[in-house]
Amino acid sequence: MRIFKRYRCHLVLLLLLGVALISASCAGRSHHKSIDEDGYSNSVTLHLDKMESLLERGKEARLEGAYQKAEEHFKEVYDNNQASMKQRAEALFELGSVFADLRNPNKSYRQAIGYFEKLLKEFPKSPLVDRTKKRIKEAFKFSK
C-alpha cells in the first residue's frame with residue numbers, strides 16, 4: 001500500500017499513456033472499411049473508393065495507350081448503379097475521350113460523340129457539361 005501511494009502519480013501517467021496509445025492505434029481504423037469473407041465491401045464508403053480507383057486506373061490505362069482496358073474500367077464505373085452521379089458522368093466523359101483520342105488506333109468519333117451526348121442527356125447539371133460540349137465540337141471537326 002505504501003508503494004502505491006509513493007508511485008501513484010507514475011501509475012496514473014502510465015495509465016493515461018496506455019489509453020492514449022490505444023486511442024491513437026484505433027483512430028486509423030474505420031468501421032466503414034470492413035470486408036466480409038468473400039472480399040466484398042460492407043460499406044458504401046469503400047465502394048465509392050473502389051469507383052474512384054477504377055476511374056484512376058482507366059485514366060492511367062488511356063495515357064499508357066491501353067485503350068481497351070481503359071474502356072473496361074470506365075464502363076464498369078458507368079454501369080455500376082452504386083457509383084455516384086459525378087463518377088458516372090466522369091466515366092462517360094472518359095469513355096468519349098478514349099474514342100476521340102488521336103493516338104487510339106480504334107478511334108471512333110461517332111462513338112465518342114455518342115458518349116459525350118449521353119453525358120449531356122443524363123447529367124445536364126454536371127460540371128463537365130462545358131468541357132463535353134467542346135469535345136463534341138472537336139470530334140465533329142476531326143470526323144470530317
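What about residue 129, is it touching a helix residue (DSSP H, G or I) at 6+ places or on another chain (Cβ under 7 Å), within 19 Å of residue 63 (Cα to Cα) and modelled with pLDDT of 95 or more? Reasoning before the result, please.
On the way: touching a helix residue (DSSP H, G or I) at 6+ places or on another chain (Cβ under 7 Å): yes; within 19 Å of residue 63 (Cα to Cα): no; modelled with pLDDT of 95 or more: yes.
Criteria not met by residue 129.
Which of the residues belonging to segment 62-77 are under 14 Å from residue 50 (Cβ atoms) and without any contact (Cβ under 8 Å) to a residue 24 or more places away in the chain?
73, 76 - these are the residues of segment 62-77 that are under 14 Å from residue 50 (Cβ atoms) and without any contact (Cβ under 8 Å) to a residue 24 or more places away in the chain.
All but one of (1) closer than 20 Å to residue 76 by Cβ; (2) surrounded by fewer than 17 Cβ atoms within 10 Å (Cβ to Cβ) hold for residue 101, so report the exception by its number.
(2)
Do you know which of the residues in segment 68-77 that are over 12 Å from the mean Cα position of the chain (by Cα) and buried (at least 20 other Cβ atoms within 10 Å of the Cβ) is farthest from residue 112 (Cα to Cα)?
Of the residues in segment 68-77, the ones over 12 Å from the mean Cα position of the chain (by Cα) are 68-72, 75.
From what's left, buried (at least 20 other Cβ atoms within 10 Å of the Cβ): 70-71.
Values: 70: 14, 71: 12 Å.
The residue in question is 70.
Hey, residue 81 hits all of (1) within 17 Å of residue 49 (Cα to Cα); (2) touching a residue at least 12 places away in the same chain (Cβ under 8 Å) but one; which does it fall short on?
Answer for residue 81: the failing condition is (2).
The values are calculated or read from the model by the stated rules, or taken from the named source; none is laboratory data. For clarity, every value in this text was computed on a predicted model and none was experimentally measured. Please note: Cβ atoms are built from the backbone with ideal geometry, for glycine as well, and neighbour counts cover all protein chains shown.
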